[in-house]
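Trainee: Have a look at this one.
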Amino acid sequence: MSTNVEMLRRVPIFFGLDDSQLENLTHSLVKKAYPKNRVVMSEGQAAEYMFIIIAGRVKVQVTDPEGKEVILAVLGPGEFFGEMSLIDQHPSSASVITLESSHFIVVNKEDFRRHLVSNPDIATNIMRGLVKRLRVADKKIETLALLDVYGRVARVLLDFSEVIEDKRIIRHKLPPRQEIAKMIGASREMVSRVMKDLENDGYFTEHEDGTIVINEQPHT
């Protein structure tokens, strides 16, 4: 079995496809790599491709007329973007920028439509991804409306964490304080102060290897 088929098998959007279907997909998919801080897609740009993240992370952000930036989401391996514009034919509603060196599978507009028609499992998986994204957006709106800055920063920490051996751990480096500020509608200075307070109060512990352990009970 080809390396490309093995790669596709690990991508959630292709779950449910058999080996022959995956093999057919490899003939139309293109792999691309972008360095850190590279704009992959621009707000208002006519979309021609869907991107599936194989490695790395990207931020999805919008900019208001005064130039203020707001980060809507951070996406990682297995997640995708650009599909909405291919579905509704409208320009991209946000910009997508790499947070680190990243690798993608790229699907052009014509192949995207063909795959949707010929592979119902792909269409179903895309719908699941869109629903997941909508639920995340609902949670973010709730967080911004109901929580103070301490609560919003805590929510970001939880969102970036995963449970490993009964501990909630952030394995990957957090975005810079300025980026977190854009996620929660606060200043960089306020985010830095809150992070320091939470760490001093024992709500999380940062280790030398860069991992962060979120403590269920603060260590005072």
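Trainee: Does the stretch 63-99 hold any residues that are part of a loop (DSSP other than H, G, I, E, B) and either within 25 Å of Thr124 (Cβ to Cβ) or under 9 Å from the mean Cα position of the chain (by Cα) (or both), and which are they? So that I can check it myself, show each step before the final result.
Mentor: Step one: list which residues in the stretch 63-99 are part of a loop (DSSP other than H, G, I, E, B), which gives 64-68, 76-79, 82, 89-94, 99.
Those that are part of a loop (DSSP other than H, G, I, E, B) and either within 25 Å of Thr124 (Cβ to Cβ) or under 9 Å from the mean Cα position of the chain (by Cα) (or both): Gly76, Pro77, Gly78, Glu79, Gly82, Gln89, His90, Ser92, Ser93, Ala94.
Trainee: For the stretch 72-127, which residues satisfy the criterion of being open to solvent by 70 Å² or more (accessible area, probe 1.4 Å), within 20 Å of Glu48 (Cα to Cα) and among the hydrophobic types (A, V, I, L, M, F, W, C)?
Mentor: Met84, Ile87, Val117, Met127
Trainee: Can you spot a residue in the stretch 84-104 that is in contact with a helix residue (DSSP H, G or I) (Cβ under 9 Å, 6 or more places away or on another chain), touching a residue at least 24 places away in the same chain (Cβ under 8 Å) and of a type in the set (Phe, Trp, Tyr)?
Mentor: No; the residues of the stretch 84-104 include none that is in contact with a helix residue (DSSP H, G or I) (Cβ under 9 Å, 6 or more places away or on another chain), touching a residue at least 24 places away in the same chain (Cβ under 8 Å) and of a type in the set (Phe, Trp, Tyr).
Trainee: Can you tell me which residue within the stretch 25-59, out of those that are among the polar types (S, T, N, Q) and either part of a strand (DSSP E or B) or touching a residue at least 40 places away in the same chain (Cβ under 8 Å) (or both), is most open to solvent (accessible area, probe 1.4 Å)? Full working, then the answer.
Mentor: Here is the first cut: in the stretch 25-59, the residues among the polar types (S, T, N, Q) are 26, 28, 37, 42, 45.
Of the ones still in play, those that are also either part of a strand (DSSP E or B) or touching a residue at least 40 places away in the same chain (Cβ under 8 Å) (or both) are 28, 37, 42, 45.
Numbers: Ser28: 20, Asn37: 111, Ser42: 47, Gln45: 78 Å².
Only one residue tops the list, namely Asn37.
Trainee: May I pose another question? Quick one: in the stretch 17-64, of everything that is of a type in the set (S, T, N, Q) and out of contact with any strand residue (DSSP E or B) (no Cβ under 6 Å at 6 or more places or on another chain), which residue is farthest from Glu83 (Cα to Cα)?
Mentor: As a first pass, look at the stretch 17-64 and keep what is of a type in the set (S, T, N, Q): 20-21, 24, 26, 28, 37, 42, 45, 61, 63.
If we keep only those that are out of contact with any strand residue (DSSP E or B) (no Cβ under 6 Å at 6 or more places or on another chain) too, we end up with 20-21, 24, 26, 28, 37, 45.
Working: Ser20: 24, Gln21: 20, Asn24: 20, Thr26: 19, Ser28: 16, Asn37: 22, Gln45: 13 Å.
By that ranking, first place goes to Ser20.
Trainee: Right, here's the next one. Given the criterion within 16 Å of Leu75 (Cα to Cα) and of a type in the set (S, T, N, Q), identify the matching residue among Ser187, Ser161, Ser192.
Mentor: Values: Ser187 fails: within 16 Å of Leu75 (Cα to Cα); Ser192 fails: within 16 Å of Leu75 (Cα to Cα).
Testing whether each residue is within 16 Å of Leu75 (Cα to Cα) and of a type in the set (S, T, N, Q) leaves just Ser161.
Trainee: Among Leu134, Leu158, which is the only one that is under 17 Å from the mean Cα position of the chain (by Cα), part of a helix (DSSP H, G or I), free of Cβ contacts under 8 Å to residues at least 24 places away in the same chain and surrounded by fewer than 14 Cβ atoms within 10 Å (Cβ to Cβ)?
Mentor: On the way: Leu158 fails: free of Cβ contacts under 8 Å to residues at least 24 places away in the same chain.
Answer to the selection: Leu134.
Trainee: Now a separate question. Whether any residue in the stretch 22-41 is in contact with a Ser or Thr (Cβ under 8 Å, 6 or more places away or on another chain) and farther than 30 Å from Gln178 by Cα is what I want to check.
Mentor: Here is the first cut: in the stretch 22-41, the residues in contact with a Ser or Thr (Cβ under 8 Å, 6 or more places away or on another chain) are 23, 26, 33-41.
Going one step further and asking which of them are farther than 30 Å from Gln178 by Cα, we end up with 23, 26.
Yes, there is a match, as at least one residue in the stretch 22-41 is in contact with a Ser or Thr (Cβ under 8 Å, 6 or more places away or on another chain) and farther than 30 Å from Gln178 by Cα.
Trainee: Of (1) open to solvent by 50 Å² or more (accessible area, probe 1.4 Å); (2) more than 16 Å from Asn119 (Cβ to Cβ); (3) assigned to a loop (DSSP other than H, G, I, E, B), Gly16 satisfies all except one. Which?
Mentor: Against the list (1) open to solvent by 50 Å² or more (accessible area, probe 1.4 Å); (2) more than 16 Å from Asn119 (Cβ to Cβ); (3) assigned to a loop (DSSP other than H, G, I, E, B), Gly16 comes up short only on (2).
Trainee: So which residues in the stretch 57-77 are in contact with a Gly (Cβ under 9 Å, 6 or more places away or on another chain) and either within 20 Å of Lys140 (Cβ to Cβ) or at pLDDT 95 or above (or both)? Break it down into steps so the answer makes sense when it comes.
Mentor: Step one: list which residues in the stretch 57-77 are in contact with a Gly (Cβ under 9 Å, 6 or more places away or on another chain), which gives 57-58, 70, 76-77.
Within the stretch 57-77, Arg57, Val58, Val70, Gly76 meet the criteria.
Trainee: Count, please, the residues in the stretch 161-184 that happen to be assigned to a strand (DSSP E or B), touching a residue at least 40 places away in the same chain (Cβ under 8 Å) and not charged (D, E, K, R).
Mentor: So in the stretch 161-184, the residues assigned to a strand (DSSP E or B) come out as 162-164, 167-170.
Then keep just the ones that are touching a residue at least 40 places away in the same chain (Cβ under 8 Å); that gives 167-170.
After this cut, where a residue has to be not charged (D, E, K, R) as well, the list is 169-170.
Residues flagged as assigned to a strand (DSSP E or B), touching a residue at least 40 places away in the same chain (Cβ under 8 Å) and not charged (D, E, K, R) within the stretch 161-184 amount to 2.
Yes or no, residue by residue, for (1) farther than 23 Å from Lys173 by Cα; (2) out of contact with any His (no Cβ under 8 Å at 6 or more places or on another chain):
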| residue | (1), (2) |
| --- | --- |
| Glu6 | yes, yes |
| Pro12 | yes, yes |
| Leu29 | yes, yes |
| Arg38 | no, yes |
| Ile53 | no, no |
| Val58 | no, yes |
| Leu86 | yes, yes |
| Leu116 | yes, yes |
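Trainee: Quick check on the stretch 163-202: of everything there that is open to solvent by 100 Å² or more (accessible area, probe 1.4 Å) and not basic (Lys, Arg), which residue is nearest to Thr143 (Cα to Cα)?
Mentor: Glu189
The values are calculated or read from the model by the stated rules, or taken from the named source; none is laboratory data. What you see is a predicted model; the values in this text were computed from it and never measured. Please note: Cβ atoms are built from the backbone with ideal geometry, for glycine as well, and neighbour counts cover all protein chains shown. SASA here: full protein model, heavy atoms, side chains in, ligands and nucleic acids out. Shrake-Rupley method; radii C 1.70, N 1.55, O 1.52, S 1.80 Å.
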